[in-house]
Amino acid sequence: MSNVRAQAAPAADPVDELIKSIRIPPRPSLLADMQREIAADDPSPEAIGRIVARDVGMSGALLKLANSSFYGGKRKAKSVEQAILFLGINQVAALMTGLLARQAIGGDNTALASFWDLSGRRAQAMVYLSRRLRIGAPDVAHTFGLFCDTGVPLLIDRFPGYAATFAAAAQDTARPVTALEDERHSTNHAAIGCILARNWGLSNDVSWAILHHHDYSVLEDSATDDAVRSLVALSLLAECAIQKYQGHAHCVEWDKGGERACAYLGLSGDETAELLDELHESFHAEH
């Protein structure tokens, strides 16, 4: 009888087993409490302030971000309560989510400093584009910008050869970045980032956009939600601007999907060039 049972039992899915072996940080309790308050019928800025204040390090980091040239403008917040007043609950929540992600994913790993700097720049670019083009909510764009590549450090931690895979995939001019990842490791950073986003209670739009942010065919797929397509399109503009800021002559990802992104956003060549120049200037303005 035991042999019959063994034969009847479904075989374990090797991909599912692989994904279970990847260390995905649990959602921080501070984030869960903050999301619960924001989801209330009448979220309280005072309650949000108390939640943030429970972590002194997070409070200080939030104030520093809130007072940066990009987010703070001319007004300088002297307390978490003022930061919430100046920026609004949703933007503060987006900034806190990003800070908690950095803390949970190699926050003390100096090798990941450049990764988080790049993620932060992408998030800022996404906020700028969301506001400038009046597409979607800036706080959602910010969260997507920070989280879209979080699968990268998680896979670096899991596979000794993943960093080399990702570097090679990023130079592939014909296929999505995720293609080589899937071939070598049976998963990819977009899929793992999507799982993290879901586990952390981020919105479905953010989760799905993370999953598809290298699949530019979604830009032409009317069955895909506009919120998801917008995030993917804006991320291409952000990526192109970042590559230019870093001194690269051209952007591989833009070559793959830039034309489709502009078509989806209704941008002409001149309008696109103007936006990229504005982003470039905003990056320089930080220094």
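The values are calculated or read from the model by the stated rules, or taken from the named source; none is laboratory data. Only a predicted model underlies this, so the values are computations on that prediction, with no experimental measurement involved. As a convention, Cβ positions derive from the backbone with ideal geometry for all residues, glycine included, and neighbour counts pool all protein chains shown. Note: areas computed on protein heavy atoms with side chains; ligands, DNA, RNA excluded. Shrake-Rupley method; radii C 1.70, N 1.55, O 1.52, S 1.80 Å.
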For residues that are assigned to a helix (DSSP H, G or I) and without any contact (Cβ under 8 Å) to a residue 12 or more places away in the chain, scanning just the stretch 104-148, find the one that is nearest to ILE38 (Cα to Cα).
ARG131
Evaluate the stretch 136-157: report whether one residue or more is surrounded by fewer than 16 Cβ atoms within 10 Å (Cβ to Cβ) and either closer than 21 Å to SER235 by Cβ or modelled with pLDDT of 90 or more (or both).
yes
Give the stretch 58-85 a look and list any residue that's out of contact with any helix residue (DSSP H, G or I) (no Cβ under 7 Å at 6 or more places or on another chain) and within 22 Å of SER29 (Cβ to Cβ), or say none.
GLY60
Six or more apart or on different chains, Cβ under 7 Å: which pairs go from a residue in the stretch 29-47 that's over 17 Å from LEU202 (Cα atoms) and in contact (Cβ under 8 Å) with a residue 40 or more places away in the chain to one that's of a type outside the set (D, E, K, R) and open to solvent by less than 20 Å² (accessible area, probe 1.4 Å)? Could you list them?
PRO45/ILE84
Find the residue count for the stretch 232-263, including only residues that are under 15 Å from LEU146 (Cα atoms) and open to solvent by 10 Å² or more (accessible area, probe 1.4 Å).
2
How about the stretch 183-256: which helices (runs of 4 or more DSSP H) wholly inside it have at least 1 residues that are farther than 20 Å from PRO138 by Cα and basic (Lys, Arg)?
226-245
If you go through the stretch 252-278, how many residues are closer than 13 Å to LEU133 by Cα, among the charged types (D, E, K, R) and without any contact (Cβ under 8 Å) to a residue 60 or more places away in the chain?
2
Enumerate the pairs (first residue in the stretch 164-180 and among the β-branched types (Val, Ile, Thr); second residue anywhere and open to solvent by 60 Å² or more (accessible area, probe 1.4 Å) and in a helix (DSSP H, G or I)) with beta-carbon separation below 6 Å, excluding pairs fewer than 6 apart on the same chain, so at least 6 apart or on different chains.
THR165/ARG184
Give the residues of the stretch 164-190 that are among the acidic types (Asp, Glu) and open to solvent by 30 Å² or more (accessible area, probe 1.4 Å), sorted by residue number.
ASP172, ASP182, GLU183
Quick check on the stretch 90-122: of everything there that is touching a helix residue (DSSP H, G or I) at 6+ places or on another chain (Cβ under 7 Å) and polar (S, T, N, Q), which residue is farthest from GLY201 (Cα to Cα)?
SER119
Mind checking which residues of the stretch 44-60 are open to solvent by 40 Å² or more (accessible area, probe 1.4 Å) and under 19 Å from HIS142 (Cβ atoms)?
PRO45
Yes/no for LEU63 being out of contact with any Phe, Trp or Tyr (no Cβ under 8 Å at 6 or more places or on another chain), of a type in the set (A, V, I, L, M), surrounded by 15 or more Cβ atoms within 10 Å (Cβ to Cβ) and without any contact (Cβ under 8 Å) to a residue 24 or more places away in the chain:
yes
